[in-house]
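K.L.:
Below you will find the structure I want to go over with you.
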Amino acid sequence: MNNQTRLNERWPGRLALMVAHCAGMVDLVALPVWVGALISHYGLTPQRAGALATLFLLGAVAASLFWSPRFHRARPALVAPCGFALAALAFVGLAGTGDFALMALLHALAGAAAGSALSMTHGSMGRSRNPHRMFALAGMALGVFAIAFLGLTPGLVATAGGAALFLVFAGVMLVAAAVAAVAFPTGDAAAAGTGHAAAPGRLSTAVWFAALGIACMGLVQAMLFSFLERIGVDRGFTPAAVTGVLIALGFVNLLPAPLAALLQRRWPARRVVLGGPVVQAALALTIATSSGYLPYAIAGALFAAVMIFTHTFAFGLVAQLDPGGRALSATPAMLMVGAAIGPLLGGTLVQHAGYGMLGSAAVALAVLAVYCFAQAGRHPATAAAPT
């Protein structure tokens, strides 16, 4: 770890990071139900529903950009539980209002609070002995969480209304706050006493290219995923059939993180991040243009898994480029600056050009992502062996 504060790794701390990752990355699992509930239960247009999800993600981006340059002197074990607790309060407020302006404000506040906690989580993962493996463990936890969330929440929202969704979110954040308060890991005291982590250098150009590549994939993920449920409904598939795709997606999401951990030393991260955007765009194009249920179902079930698998390798890649954790504390900004644009952009394209335009936009963004990852892969640090 080269004079950086190394994470004090014990299993309670790892489990706390896994729970915090699930809560902070709830959008990666919940966007179809989230946007669908805003449209069907609150009567919002696709554009306005997407805008609310965008405000949550923009809040997370702003928080990540605030904390990233300050991560080396922050107290993650304090910021993380406080952030999740504040997010829980914001979601409780959302469950009690239907006023669009107030909903917009509370979405932004919830995003900023959860994004602060997630920045501390990912920055702490970056200080672990093997960031790639730690992120893969968190991805496995997210897969389990996705099964539970997507198996239970759509039916609950259908019967109890949109407010139930926000109460579920509040419960998720409250659990994460409690776990983080009890077990969130701290830096190793001996390493912290050296003082070397107090003055990080400038981030390399390769890190910025990698960040932009991740942002492009996050944009495609959010843009398509936000409307996965609505695409199925508007094409005449039964609610049970669409819910079946979401449940299948949850089970499929169990696979990419452990697979990424197994392949860490076999597949070079540079090649994985080049292929990920291409596969993601192909699935997005299938979802956006196919009129048959089988192609829609297969592509929909696999769609999020590509992001989880590729992002695990990208996380390890950035950890090699900046082992102190500062760049990785900006992971929410890398991922969510694209994801923040996604729901609003997707809603605008759907409202004015139809679902097919989502596929075309995904292909264009994949080209940009491949270029950025190719530039990041030219940095000599990417050839280093995993720690």
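K.L.:
What is the packing order of peptides 276-288, 244-256, taking the mean over residues of other C-beta atoms within 10 Å and listing the highest first? Could you put the intermediate results ahead of the total?
P.N.:
Numbers: 276-288: 22.6, 244-256: 20.6.
Averaged packing, sorted descending, gives the order 276-288, 244-256.
K.L.:
Another question about this same structure. What is the angle, in °, between the Cα long axis of helix 76-95 and the longest principal axis of the Cα atoms in the chain? Nearest 10 is fine, range 0 to 90.
P.N.:
Once rounded, the angle reads 10 degrees.
K.L.:
Another question, then. Expressed in nm to one decimal, what extension gain is obtained for the pair residue 178 and residue 266 from 0.36 nm per residue of sequence separation less their Cα-Cα distance?
P.N.:
27.9 nm is the gain from fully extending residue 178 to residue 266.
K.L.:
Here are some values of Cα Rg over 2.2 N^0.38 Å: [x] 0.92; [y] 0.97; [z] 1.10. Which one was computed from this structure?
P.N.:
[x]
K.L.:
How large is the charge dipole for the chain, taken about the Cα centre, if only the Cβ atoms of Lys, Arg (+1) and Asp, Glu (-1) carry charge, to the nearest 20 debye? Show your work: numbers first, answer last.
P.N.:
Values: 19 positive and 7 negative charges, 218 e Å.
With Lys and Arg at +1 and Asp and Glu at -1, about 1040 debye.
K.L.:
In a GNM of the chain with a 10 Å cut-off on Cα contacts, which of 54, 310, 186 has the highest mean-square fluctuation?
P.N.:
Its mean-square fluctuation being the largest, the pick is 186.
K.L.:
Please sort 296-308, 167-179 by packing, taking for each peptide the average over its residues of neighbouring beta carbons within 10 angstrom, highest first.
P.N.:
Details: 296-308: 23.3, 167-179: 21.0.
Descending mean neighbour count gives 296-308, 167-179.
K.L.:
I'd like to compare 153-165, 29-41: which one has the highest average count of other Cβ atoms within 10 Å, and what's the full order after that?
P.N.:
Taking the mean over residues of other Cβ atoms within 10 Å, the ranking is 29-41, 153-165.
K.L.:
Tell me the relative contact order for the chain as a rounded percent, counting alpha carbon contacts under 8 Å between residues six or more apart. Please report the intermediate quantities before stating the final value.
P.N.:
Details: 761 pairs, mean separation 119.3, N = 387.
For the chain, the relative contact order is 31 percent.
K.L.:
How charged is the neighbourhood of residue 33? Take every other residue with its Cβ under 14 Å from the Cβ of residue 33, and add Lys/Arg as +1 and Asp/Glu as -1. Mind dumping the intermediate values first?
P.N.:
On the way: positive: 230; negative: 27, 229.
With Lys, Arg at +1 and Asp, Glu at -1, the neighbours total -1.
K.L.:
Determine the shape class of the stretch 36-75: with a ≥ b ≥ c the square roots of the Cα gyration tensor eigenvalues, call it rounded for a/c under 1.5, and otherwise prolate if a/b is greater than b/c, oblate otherwise. Provide the component values of the computation, followed by the final result.
P.N.:
On the way: a/c = 7.39, a/b = 3.96, b/c = 1.87.
Prolate, since a/c reaches 1.5 and a/b exceeds b/c.
K.L.:
Please check: in the Gaussian network model of the chain (C-alpha springs, under 10 Å), which one of 77, 112, 369 has the largest mean-square fluctuation.
P.N.:
Checking each option, the largest mean-square fluctuation is seen for 77.
The numbers here are math on the coordinates, done by the rules we state, and not lab data. Everything numeric in this text was worked out from a predicted model, so none of it was measured. Every residue, glycine among them, receives a Cβ derived from its backbone with ideal geometry; neighbour counts consider all protein chains shown.
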